[in-house]
């Protein structure tokens, strides 16, 4: 469950990861290199597949988290924050 919690937390602070996760949960975790158990993958797919309502809820959570972070640690507030999982090199190459 630790990695599933990390996936959900990363979805809260990294809009690109969240977008990919909502589009295709399995592809997103594979691209980012998460190694989940079979049970975690089943839960992930049940939670995120065809759930457009999550997009707005995660965005609201992201905004609240960054507002709180800005008050506590102003230098840690770039988006995605330093506590998020590093983006895969394949995505960084596409952005360049």
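The values are calculated or read from the model by the stated rules, or taken from the named source; none is laboratory data. These numbers were taken from a predicted model, which means no experiment stands behind them. Note: ideal-geometry Cβ built from the backbone for every residue, glycine included; neighbour counts use all protein chains shown.
Some notes on this structure:
- In the set (1) modelled with pLDDT under 85; (2) under 13 Å from the mean Cα position of the chain (by Cα), residue 17 fails one condition alone, (1).
- Residue count for region 83-96 under the criterion of being surrounded by 12 or more Cβ atoms within 10 Å (Cβ to Cβ) and at pLDDT below 80: the result is 2.
- Taking region 1-73 and the helices (runs of 4 or more DSSP H) fully enclosed by it, no element has 3 or more residues that are without any contact (Cβ under 8 Å) to a residue 60 or more places away in the chain, touching a helix residue (DSSP H, G or I) at 6+ places or on another chain (Cβ under 6 Å) and loosely packed, with under 11 Cβ neighbours inside 10 Å.
- Of the set (1) assigned to a loop (DSSP other than H, G, I, E, B); (2) touching a residue at least 24 places away in the same chain (Cβ under 8 Å), all apply to residue 82 but (2).
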